[in-house]
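Below you'll find the structure, written out as structure tokens, and then a few comments.
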Amino acid sequence: MRDYNSLSEKQRAILRVIEEWLTQRGYPPTIRDIGNAVGISSTSVVNYNLNKLVDAGFLTRSKTVSRGIRLNTSTQSPNAELPIRVNDSINITHLPILGSIVAGEPLPILGDDLDYYDEDSLLAVPTSLIGNVDPLQVYALKVSGYSMIDAMINDGDTVILRRQETARNGEMVAVWLTEGGETTLKHFFDEGSRIRLQPANPTMQPIYVDKDKVQIQGKVLAVLRRVAN
């Protein structure tokens, strides 16, 4: 049974911070966010207290997902100082935004390191948007340019991609052009001795690249667009 009175003041403060983030933002804070909020400069100390809260039954943590903190159940402290509500965030997935991708001419952007991301740069999306795909294999990129405008992808949109190294003809993918160290978003076509990267804009020409100079980095699953007021 959870014993709120057995918690230290810092642990109670950490729970309040997590509850506030879930209530106000719909997703949990990072370790750094928690430390800043409760006055703990060491991330290891925050991590220690989080593990104590897990052991006490107040939290569940995922070691494979950034911000993978969940309050276990609805409860309340004896003196009503800490109302903890389970936020309905189970159907929300947080994806790393790995940067920008040009949908016109290629631009040096991603390199071959897709395992790095800033945990503070996460995009909250409905889990239904990525279907049954493992969230750890999905990431987001901001689009700059107009070469995919006929595919309903405009400048400023965000594309959601699944990490994969192969593609079928016609699929929209992010590709790494190894010779120039550049990344671009295009429709993929294997023409035998070369790859055609086709824009979805009749005013722009396709890019032709030797097979050994192209690395597919992801297939587009969805497009998000912010509509101005």
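The values are calculated or read from the model by the stated rules, or taken from the named source; none is laboratory data. Treat the numbers as computed from the prediction; the structure is a model and nothing was measured. Virtual Cβ from ideal backbone geometry, glycine too; neighbours counted across all protein chains shown.
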Could you tell me which numbered condition Ile101 fails, if it satisfies all but one of (1) in the same structural domain as Pro202 (by TED's automatic domain parsing); (2) at pLDDT 65 or above; (3) part of a loop (DSSP other than H, G, I, E, B)?
-> (3)
Can you confirm whether region 160-168 contains a residue that is surrounded by 15 or more Cβ atoms within 10 Å (Cβ to Cβ), more than 22 Å from Pro96 (Cβ to Cβ) and out of contact with any helix residue (DSSP H, G or I) (no Cβ under 7 Å at 6 or more places or on another chain)?
-> no
Among the numbered conditions (1) touching a residue at least 60 places away in the same chain (Cβ under 8 Å); (2) under 13 Å from Glu171 (Cβ atoms), tell me where Pro199 comes up short.
-> (2)
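Take the residues of region 132-159 that are of a type outside the set (Phe, Trp, Tyr) and assigned to a strand (DSSP E or B): which is farthest from Ser100 (Cα to Cα)?
Quick first cut of region 132-159, residues of a type outside the set (Phe, Trp, Tyr) only: 132-138, 140-145, 147-159.
With assigned to a strand (DSSP E or B) added as a condition, the list becomes 138, 140-144, 158-159.
Values: Val138: 15, Ala140: 9, Leu141: 5, Lys142: 4, Val143: 6, Ser144: 7, Thr158: 9, Val159: 10 Å.
Checking each candidate, the answer is Val138.
Going by the conditions given, is Gly131 touching a Gly at 6+ places or on another chain (Cβ under 7 Å) and modelled with pLDDT under 90? Walk me through it before giving the result.
Details: touching a Gly at 6+ places or on another chain (Cβ under 7 Å): no; modelled with pLDDT under 90: yes.
No, not satisfied.
Does Asp157 count as surrounded by fewer than 21 Cβ atoms within 10 Å (Cβ to Cβ), at pLDDT 90 or above, more than 17 Å from Gly218 (Cβ to Cβ) and not hydrophobic (A, V, I, L, M, F, W, C)?
On the way: surrounded by fewer than 21 Cβ atoms within 10 Å (Cβ to Cβ): yes; at pLDDT 90 or above: yes; more than 17 Å from Gly218 (Cβ to Cβ): no; not hydrophobic (A, V, I, L, M, F, W, C): yes.
For Asp157, the condition - surrounded by fewer than 21 Cβ atoms within 10 Å (Cβ to Cβ), at pLDDT 90 or above, more than 17 Å from Gly218 (Cβ to Cβ) and not hydrophobic (A, V, I, L, M, F, W, C) - is not met.
Consider region 19-29. How many of its residues are surrounded by fewer than 19 Cβ atoms within 10 Å (Cβ to Cβ) and touching a residue at least 60 places away in the same chain (Cβ under 8 Å)? Working first, answer last.
Taking region 19-29 as the starting set, the residues that turn out to be surrounded by fewer than 19 Cβ atoms within 10 Å (Cβ to Cβ) are 19-20, 23-27.
Now drop any that are not touching a residue at least 60 places away in the same chain (Cβ under 8 Å), which leaves 19, 23, 26-27.
So the answer is 4.
Residue-by-condition table, conditions (1) in the same structural domain as Pro96 (by TED's automatic domain parsing); (2) under 30 Å from Pro126 (Cβ atoms); (3) of a type outside the set (D, E, K, R):
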| residue | (1), (2), (3) |
| --- | --- |
| Arg163 | yes, yes, no |
| Ala167 | yes, yes, yes |
| Ala174 | yes, yes, yes |
| Leu177 | yes, no, yes |
| Lys186 | yes, yes, no |
| Ser193 | yes, no, yes |
| Pro202 | yes, no, yes |
